[in-house]
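Following: one structure in structure tokens, then a few remarks.
Every read-out reported here was derived from the displayed coordinates using simple, explicitly stated rules and does not represent laboratory data. Computed from a predicted model, the values in this text were never measured in an experiment. All Cβ positions, glycine included, derive from the backbone under ideal geometry; neighbour counts span all protein chains shown.
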Amino acid sequence: MTARVFVTLKPSVFDPQGHTITEALHQMGYAGVEDVRQGKYFELALPGRSAEESRALAAEVAHKLLANPVIESYRIEVTE
């Protein structure tokens, strides 16, 4: 199994890197891009586990290490 973990800042948290990217895009002529939020992506190889076990392990790892639950949220996708 492979678990993909997408970590992003919570909507209420200011994203300075995303803001900088948005401004750069506007200067490059991409005025149609209203906002950018940047994040992190992790791919965990979890052999020998069921989808449920993989999701549970990925959630535990994300909560304890990959994301700061105070300011970030995460989403998990599990595939074979």
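Within the stretch 58-74, how many residues are hydrophobic (A, V, I, L, M, F, W, C) and in a helix (DSSP H, G or I)?
Within the stretch 58-74, residues that are hydrophobic (A, V, I, L, M, F, W, C) and in a helix (DSSP H, G or I) number 6.
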Out of (1) loosely packed, with under 10 Cβ neighbours inside 10 Å; (2) more than 17 Å from the chain's Cα centre (by Cα), the one VAL70 does not meet is (2)
Of the residues in the stretch 38-58, those that are under 14 Å from the mean Cα position of the chain (by Cα) and surrounded by 15 or more Cβ atoms within 10 Å (Cβ to Cβ) number 4
Of (1) surrounded by 15 or more Cβ atoms within 10 Å (Cβ to Cβ); (2) of a type in the set (S, T, N, Q); (3) in contact with a Gly (Cβ under 9 Å, 6 or more places away or on another chain), THR22 satisfies every one except (3)
- Task: Would you be able to say whether some residue in the stretch 8-23 is in contact (Cβ under 8 Å) with a residue 24 or more places away in the chain and either assigned to a strand (DSSP E or B) or touching a His at 6+ places or on another chain (Cβ under 8 Å) (or both)?
- Result: yes
Output for Cβ contacts, cut-off 6 Å, separation at least six or different chains, first residue aromatic (Phe, Trp, Tyr) in the stretch 61-80, second in a strand (DSSP E or B), reads TYR74/VAL5; TYR74/VAL7
Within the stretch 29-68, the residues that are of a type in the set (Asp, Glu) and closer than 13 Å to VAL5 by Cα are GLU43, GLU60
